[in-house]
1. So which pairs qualify, if the first residue must be in the range 15-30 and farther than 22 Å from Glu43 by Cα, the second must be assigned to a loop (DSSP other than H, G, I, E, B) and of a type in the set (Asp, Glu), the Cβ gap must be under 6 Å, and the two must be at least 6 apart or on different chains?
2. I'd like the full set of residues that are surrounded by fewer than 12 Cβ atoms within 10 Å (Cβ to Cβ) and outside any loop (DSSP other than H, G, I, E, B), limited to the range 19-40.
3. Within the range 41-75, track down each residue that is assigned to a helix (DSSP H, G or I), open to solvent by less than 100 Å² (accessible area, probe 1.4 Å) and at pLDDT below 75.
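The values are calculated or read from the model by the stated rules, or taken from the named source; none is laboratory data. Please read all numbers here as calculations on a predicted model, not as lab measurements. With ideal geometry, Cβ positions are generated from the backbone for all residues, glycine too; neighbour counts draw on all protein chains shown. We work out accessible area using only protein heavy atoms, side chains counted, and drop any ligands, DNA or RNA first. Shrake-Rupley method; radii C 1.70, N 1.55, O 1.52, S 1.80 Å.
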Amino acid sequence: TVAEYTHRLEQFARNHKTILEHNATESSYELGYNTMSDWTQEEYKSRLTNKTMPEEDKVYVQHDTNAVANSVDWR
């Protein structure tokens, strides 16, 4: 959905900024991008620790099935 896309894009932008700031320093390692680049810190920690996120940190998106296109131009 548009709401989920916006949420993920904002999170990716935050993580992108963190990566650029870290890589600009003289560190012994470099950060990069992967499939978790649009995750929140809570989602990442939840996956690593196998703990569920607190209810107040969860993002729920209502899907509008009427807004789905009948076809998609993948070009």
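1. From the range 15-30, the pairs are Asn23/Glu30.
2. Once the filter is applied, which keeps residues that are surrounded by fewer than 12 Cβ atoms within 10 Å (Cβ to Cβ) and outside any loop (DSSP other than H, G, I, E, B), the range 19-40 yields Leu20, Glu21.
3. Asp57, Ala67 - these are the residues of the range 41-75 that are assigned to a helix (DSSP H, G or I), open to solvent by less than 100 Å² (accessible area, probe 1.4 Å) and at pLDDT below 75.
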